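Engineer: My questions will all concern the structure given below.
Laboratory data are not the source of any read-out in this text; all were calculated from the coordinates shown. As the structure is a prediction and not an experimental result, all values here were calculated from the model. So basically every Cβ, Gly included, is an ideal-geometry build from the backbone, and we count neighbours across all protein chains shown.
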Amino acid sequence: MAMPPMLEIVNLQKSFGNREILKGISFKVYKGEMLGLIGPSGCGKSTILKLICDLLTPDGGEVIRWSDEIGLVFQGSALLNSYTVRENLALALNQRKLKKSDENKIIDDKLKLVGLAGYADAYPSQLSGGQQKRTSFARAIVNDPKIILYDEPTTGLDPVMSTVIEDYMLELSGQLDAASIVVTHQYSTWTRCASRILLMHAGKAVWEGSAEEAVVTENPYMKQFAHATREGPMLSGLL
Amino acid sequence: MPLFFVEGQVAVGVELIGQVVSMWFKTMGYIIRGDFDKKEAWRQSYMIGVKSFTVVAITALCTGFAMSLQISRELVLFGADTAIGGVVSLALVREIGPITAGVMVAGRVGSSVAAELATMVITEQIDALKVMRVDPIRFLVVPRYIAGLTMTLVLSVYAMAIGLLAGIYIASIAANLPAATFLDSVHQTILDRDFVTHFIKSEINATIIVMFSCAIGLHTRGGAEDVGIATTRTIVWTMTLIFVFNYIVTSLTYAPR
C-alpha cells in the first residue's frame, strides 16, 4: 500500500488584486521527504508556504494537511528583537502550557541541536546572521513538527554559512522524519537538500523530478533555470 | 479627479476606523477574561509611562507658567487676584492636564508603537507569531492598551500637579499671591465632576493613541517607506482625534443648560 502524503496541495489558486499569482498548482509531500520548490522571483513559491500556514486564504483549491504541527523558517529569521533567544522559542511552546522546567529543557535541547547551546539569554541583535537563522530553525522545530517549511533559508548568507545551514536542514530532516518544503533559488540548496524538485513558472508547476534529473533534463524551463541562461521560455514577456 | 481622491481618502479612513473598532472589541474581550501577559503589561507601562515623565513635566511646567502668567495679569487688573488659583486649576483639571499628557504620549509613544508594529509586519515577525498560534492582538495590543489606560491617567494627573505647582510659583511672583490663598481658591472652585471629566478624557486619549497606533502599525504593508508613512499617519489621526474628543467630552459635560 502506498504511503499517504503528509501534505497535499490541490489546484491552489491565489490572486493579489488583478495579479494572478497561483494558477491551480497541485502536488504532494510525503513523510521524510524534502521537496525543493524552485523558480524565478514572483512565481508564487512563498505564497504557497503562507497558504499552507493559513497566513493567507486561497481563492480556490485546497491545502490538505495530515498534521497541524507546522514549523516555518522565515527568510529573514523573523525573531522578536525585544525577546531573548529562550523567550523567542518559549513563545512557540506557549500553547502547550508546560512547566517552566520542562519548557527550558526542550528549549535547551533544540538549541543544542542547532549548535547554539549557551546562547539562550542572548538577544537576536547580539547574534550573527547565521546564528539568527539557526535560532529561527530551533524555533521552527521546538514542537517537533511533522511539516517543516523553509522560506529561502540560505538567501543572503555567505557560501560557507549556506553549507552549514544546508547541513542542519539535512540533519533535522533525518532526525524529525518530517515532510519538508524548501523554497529557494540558490543552486547549492536545492541540489544538496531536496529529494524532489518542483519548478514553478508564472504560478504553475512546469517540471518535476529529482535534483540529478534537474541538471540534465531537456525541459526548456528546467534547463534554463538550472543553467541560469537567458535563452529559454522564462524571460518571455519580461524583457 | 479630486472627487476620486476624496473618495479614496474617505474609504481609507472608514477602513481604519473599522479596524480600530474591531481591535478594541477583541482587546476588551481579552482584558475581561484576564487573558494577557502581565509581565509585558508592566514592561509597556514603563515604556509608555515612566519614560514620558520628563517630557510631560517640561511641557506641563511651561504651560502652567504661561497660563498662570496670563491669568494673574488679567485678574490683578480687576482686583480678583484671589480667584487666580481657581481659574488656573479649572483650566488644568478640565483641559490642559489631559491634553498635555495625551499629546505628549501620542507624539512619543503612539508614533513609536506604530513604527515598531509596522516593522514587525514587514520583517514577518507578526507572521511568525501567527504560525506559533500567538494572537498578535493578545500579545502586542492588550499589554499596550492596559499600560496606556493606566499610564495616560497617571501622566494626566502628573501634568495637572506640575501645572498647579507652576501656577502657584508664578502667582506668588506676578501677583504676590500666597500659596495658601491660591490653594484655597482651587479647593473652592474644583468639583468632583471635574476629576471625573479629567479621568474620562485621559482614558479616551489612551484608547485613541493605543488603538490607532496599533491598528495602523499592524495593517502596514510594503517596506521602510511605509513605516514612515504609518508613523506620520498615527500622529495625524491621534492628535486630531484627541482634540476632537476633548471638545465632545467638554461639550457634553459643561455645555450651558
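Engineer: Taking other Cβ within 10 Å of each residue's Cβ, how do B:Ile162, B:Ile32 sort, fewest first?
Structural biologist: Listed from fewest to most nearby Cβ atoms, that is B:Ile32, B:Ile162.
Engineer: For the pair A:Asn18/B:Ala80, report the inter-label distance in nm, with labels modelled 7 Å from Cα in the Cβ direction.
Structural biologist: Rounded to a tenth, the inter-label distance reads 6.6 nm.
Engineer: Then there is this: Using alpha-carbon pairs under 8 Å, 6+ residues apart, how would you state the relative contact order of chain B in percent?
Structural biologist: About 33 percent, as a whole number.
Engineer: Roughly how crowded by other chains is peptide A:71-78, in terms of the mean Cβ count from those chains within 10 Å of each of its Cβ atoms?
Structural biologist: Mean inter-chain Cβ contacts per residue within 10 Å come to 4.
Engineer: Check the straight Cα-Cα distances from A:Lys31 and name the aspartates and glutamates below 20 Å, setting aside those fewer than 8 residues away within the same chain.
Structural biologist: Those aspartates and glutamates meeting the cut-off are A:Glu8, A:Glu62, A:Asp68, A:Glu69, A:Asp144, A:Asp151, A:Glu166, A:Asp167, A:Glu171, A:Asp177, A:Glu208.
Engineer: Helix A:159-176 sits at what angle to the longest principal axis of chain A, using alpha carbons and giving 0 to 90 degrees rounded to 10?
Structural biologist: The helix A:159-176 is inclined about 80 degrees to chain A.
Engineer: Given points 7 Å out from each Cα along the Cα-Cβ axis, report the B:Gln188 to B:Trp42 separation in nanometres with one decimal.
Structural biologist: 4.7
Engineer: Which of the pairs A:Lys14/A:Lys133; A:Lys133/A:Lys204; A:Lys23/A:Lys50; A:Lys28/A:Lys50; A:Lys146/B:Lys26; A:Lys112/A:Lys146 have their Cα atoms more than 23 Å apart in this structure?
Structural biologist: A:Lys14/A:Lys133; A:Lys133/A:Lys204; A:Lys146/B:Lys26
Engineer: If packing is taken as the average number of other Cβ atoms within 10 Å across a peptide's residues, how do B:119-128, B:167-176 rank, most packed first?
Structural biologist: Highest to lowest by the protection proxy: B:119-128, B:167-176.
Engineer: Helix B:53-77 sits at what angle to the longest principal axis of chain B, using alpha carbons and giving 0 to 90 degrees rounded to 10?
Structural biologist: 30
Engineer: Near the amide H of A:Trp207, under 5 Å away, which other amide H atoms are found, from residues 5 or more places off or on another chain, if H is placed in the peptide plane?
Structural biologist: Hits under the 5 Å cutoff: A:Leu199.
Engineer: Given R₀ = 45 Å, what would the calculated FRET efficiency be for B:Gln9 paired with A:Ser41, taking r from the Cβ atoms and rounding to 0.05?
Structural biologist: Result of the calculation: an efficiency of 0.85.
Engineer: Averaged over its residues, how many other protein chain Cβ atoms are within 10 Å of peptide B:126-139's Cβ atoms?
Structural biologist: Across B:126-139, the average partner-chain Cβ count within 10 Å equals 6.
Engineer: To the nearest 0.05, what FRET efficiency results for A:Ser26 and A:Ser236 with a Förster distance of 30 Å applied to their C-beta separation?
Structural biologist: Efficiency computed from Cβ-Cβ geometry: 0.80.
Engineer: Placing unit charges on C-beta atoms (Lys and Arg positive, Asp and Glu negative, everything else neutral), compute the dipole magnitude of region B:1-155 about its Cα centre in debye, rounded to 20.
Structural biologist: 460
Engineer: Taking beta carbons within 10 Å but only from partner chains, what does the mean come to for residues B:111-124? Walk me through the numbers before you get to the answer.
Structural biologist: Numbers: counts 0, 0, 0, 0, 0, 2, 0, 0, 1, 4, 0, 1, 8, 11.
Per residue, the number of nearby Cβ atoms from other chains is 2 on average.
Engineer: Another question, if that's okay. Write down the percent of antiparallel bridges among all DSSP beta bridges whose residues are both part of the protein assembly as shown, to the nearest 5.
Structural biologist: Of the beta bridges lying entirely in the protein assembly as shown, close to 50 percent run antiparallel.
Engineer: Applying the Karplus parametrisation 6.51 cos²θ - 1.76 cosθ + 1.60 with θ = phi - 60° to the phi angles of region B:180-194, what ³J(HN,Hα) value in whole Hz is obtained for each residue in order, glycine and proline being reported as x?
Structural biologist: 4, 5, 4, 5, 5, 5, 4, 4, 6, 8, 6, 10, 4, 5, 5
Engineer: Next question. Name the residue, out of B:Ser72, B:Ser213, B:Ser111, whose mean-square fluctuation peaks in a Gaussian network model built on chain B with Cα pairs under 10 Å.
Structural biologist: Of B:Ser72, B:Ser213, B:Ser111, the most mobile in the Gaussian network model is B:Ser72.
Engineer: Any idea what the relative contact order of chain A is, in percent, if you count C-alpha pairs under 8 Å spaced at least 6 apart?
Structural biologist: For chain A, the relative contact order is 27 percent.
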